Every structure is written in C-alpha cells, then in structure tokens.
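Okay, structure first, notes after.
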C-alpha cells in the first residue's frame, strides 16, 4: 500500500516517526511530506532515513515528476499527524500553499487527520467548524486524546497514540474498499480470511464496549478498569468484514472506529435500553462491554461531603439487570431468525474452581451462543494492548484459544461468528 504521511508543525511531530515505523514494519511504502514548520521539530534527514525515500515539502522540487499531482493520485491512504489547527483550517478551505495541501486536494483514497493542539484551539468555533466540514466531505478526523499538553495544562488536545492512529488508518482503508462491494485488502483482516468472512457482508452487528459508570453523586461514580479497547477492535473487525456495525459505547479510552455508528451511554441501565433496542434488527450482538453488576440504590443529588461531625456514609448497592440473559429471552420474539449472541466473561479462579469451570457454568446459565473468556487480574487484560482468551461454544467442543493484540483476538472472534452464521 502506498501511504502519504503528512506531518504538521506541532511538538507532537516526533510521535509521527513512531507512526511511520508502524507502517513500514507492516510492509507499506510511505512518502513523508512535512510542513515547513514541522521541520523545526523533526528534520527532513530523519524522515528520509526512516522512510527510505526522498522527502520534500516544496511544489518546486522534482517538478519533472509533477509531485503535487502525482503523490495524491498514487496514494492509497493519506494520514496527517499531527494535524494542527492551522493545517485543518487550510485543508478545510482547500488551500494549496505547500506540497502537503496540494496533495490533499489531489487525494483519491481515504484521508485521515489526527489532530494535536491546545484544548482552547480544539474547542474554538473555527476549528469545530473546520472539523465538521472535513468530516462531511468524507475525511476521517479523529478526536484528540485527553491528557497532559505542552506546559502544565491538561485536557483534550494530545495526539492519539501512534498505534491508535495506525489502526484507525487501516480501518479507513478497509471501509473505503468495502464501499464498492469488495472485501478489504490492506486492513486488519488477512486476505486468506476473506471467504470465511463473506457471510458478514451486509449483516447488522451490534457491539457493546467500555466500562459503565454508576453515579454515587454528581461528582463520583462506581466504575471498572475496562478501557474499551477489545470492544472497539471487535467493531473494527466486523466493519472490515463488510458488516454494518453499531457500537454502543460506555467509557472508552480509545476512539471509536471511523465509519461505525456509535451510540454513547454511561450507566448499565442506559446501555441496556440501547442494546435491547438495537438487537431488534441485529444479526449479531456482541456483548463486550464491562457492565456493572451493581449500582447505588440511592445516588445523592448533591456531592457527598466529608465531615468530621458525621459518620462515614454507607452505600447500599442493588443489582443491575442481566442484559445478555434478556437478549437470550427476547430473541425468539423480537430478533431476526438465526441471530447470534456473543457474551464476554472476565473471570478469576478461586478455591472453588478454575477460570474455565466458571466460564462453562456461565455459558450454561446465560444461554448465549458463544462466550469469550478472559482470565483477568493484576496487570492482565484491562487497559492492555494484548489479550489472551478462550472462545466457548454452546454446542460444546474444545475451547478455541486466541491470543495476541486485541485486533488479532477480535479477528478470531469475528471468524467464529462468521463460521456460526454460515449455512450448514
């Protein structure tokens, strides 16, 4: 795949070098186009050394090759990282003041912007309007990450991590290739999986992801350690296979995949309502969210104060509904014939039994078709980029192991979903 990596003039330009390495190590050919301002942070020599290609930001270099036209025409993908407020504004206005903006105007393939700037710049009405305009025109504009910025400030405006940008870029290519009815060639799904995954093309897949938050008062909540990475990876894998994907997202630490319908929720009850509604016309429902088992019975309408003259508060918890069990019960009446339900179980062993023993009992109790089992614990699964699961089938058989990155695990789960949907 031919990739153009545009680098904007922000302090986060150094992270683009890590992004470049991800593309080249995956076997893609990358041409870097830095803005003039960005070379004050990372020099042209660095980009040439890492990409193995000549690097320029002038429309007057290699005029005989008509670079300002050729690069955009030949690129299968253009990624701009970091995309500064100035660069987003110039792209939205259709300006062609340097080689990068010329190339953006000539783009034939998908374009992805990964913004990085100060919070006030990101929230400024001009930037908001520019982002909205670029998205309407079909570009993928990621939301910036939240965290420490240049100086002492914190907030939304950090460049997303290179791995997040890389995966979003591959998903953008997959989505673009799927629009004409063809299967993805360059993304997170291997080409030799194509035949098995064809069954998902045109299907509706609902995925829940992230950790729910149950309010104690207007400030505090009961939550869990889920980052939502595995659920987002599942949504990305299903979309890459040609499915229409709805992502019902509780708290996420990563952005939703581009091109996926996303419904944001906070509490278990909100997630329940949206999931039961979405399931009515879904061919597959994958319950990857970390849904709280309990919620405060009486959340306070005002902040709970810590007073020396008062007793410590006692918080009474009540059970949340079992959403997966409700989906199983509702399936014959409200769901399409052959709907597949996939549950997730985060388990630990104890003196009464092991992880697999508890997982088999949960699969029997829930009645879903597949159960994906994580062995969780300190430093395992939650928030990590790697995962190690067992996929259990209601019909029995040997559990199927899947391990690797969360995208690789997602691909294995989606392959099992496709296998169960295929005619027998």
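The values are calculated or read from the model by the stated rules, or taken from the named source; none is laboratory data. Only a predicted model underlies this, so the values are computations on that prediction, with no experimental measurement involved. In this analysis, Cβ positions are derived from the backbone assuming ideal geometry, glycine residues included, and neighbour counts consider all displayed protein chains.
Here is how the numbers come out for the structure above:
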{"item": "Flag if residue 56 is free of Cβ contacts under 8 Å to residues at least 60 places away in the same chain, in contact with a strand residue (DSSP E or B) (Cβ under 8 Å, 6 or more places away or on another chain), in a helix (DSSP H, G or I) and farther than 20 Å from residue 169 by Cα", "result": "no"}
{"item": "Set 71, 87: member being outside any loop (DSSP other than H, G, I, E, B) and at pLDDT 95 or above", "result": "87"}
{"item": "Residue 202 being at pLDDT below 95, out of contact with any strand residue (DSSP E or B) (no Cβ under 8 Å at 6 or more places or on another chain), in a loop (DSSP other than H, G, I, E, B) and farther than 21 Å from residue 166 by Cβ", "result": "no"}
{"item": "Region 214-246, residues that are over 10 Å from the mean Cα position of the chain (by Cα), free of Cβ contacts under 8 Å to residues at least 60 places away in the same chain and within 20 Å of residue 292 (Cα to Cα)", "result": "221"}
{"item": "Check on residue 235, at pLDDT 95 or above, farther than 24 Å from residue 305 by Cα and assigned by TED's automatic domain parsing to the domain that holds residue 385", "result": "no"}
{"item": "Enumeration of residues in region 23-45 that are buried (at least 18 other Cβ atoms within 10 Å of the Cβ) and part of a helix (DSSP H, G or I)", "result": "23, 38, 39"}
{"item": "Some residue of region 312-320 being buried (at least 21 other Cβ atoms within 10 Å of the Cβ), at pLDDT 85 or above and either assigned to a loop (DSSP other than H, G, I, E, B) or not assigned by TED's automatic domain parsing to the domain that holds residue 216 (or both)", "result": "no"}
{"item": "Unique residue being touching a strand residue (DSSP E or B) at 6+ places or on another chain (Cβ under 6 Å) and either surrounded by 17 or more Cβ atoms within 10 Å (Cβ to Cβ) or at pLDDT 90 or above (or both) when the list is 366, 303, 280", "result": "366"}
{"item": "Those residues of region 283-294 which are assigned to a strand (DSSP E or B) and buried (at least 21 other Cβ atoms within 10 Å of the Cβ), in sequence order", "result": "284, 285, 286, 287, 290"}
{"item": "Single match in 327, 386, 392 (criterion: within 28 Å of residue 213 (Cβ to Cβ), in contact with a strand residue (DSSP E or B) (Cβ under 9 Å, 6 or more places away or on another chain) and at pLDDT 85 or above)", "result": "327"}
{"item": "Residue count, region 212-232 (criterion: in contact with a strand residue (DSSP E or B) (Cβ under 8 Å, 6 or more places away or on another chain) and buried (at least 24 other Cβ atoms within 10 Å of the Cβ))", "result": "6"}
{"item": "Test: residue in region 41-53 that is in contact (Cβ under 8 Å) with a residue 60 or more places away in the chain and farther than 17 Å from residue 164 by Cα", "result": "no"}
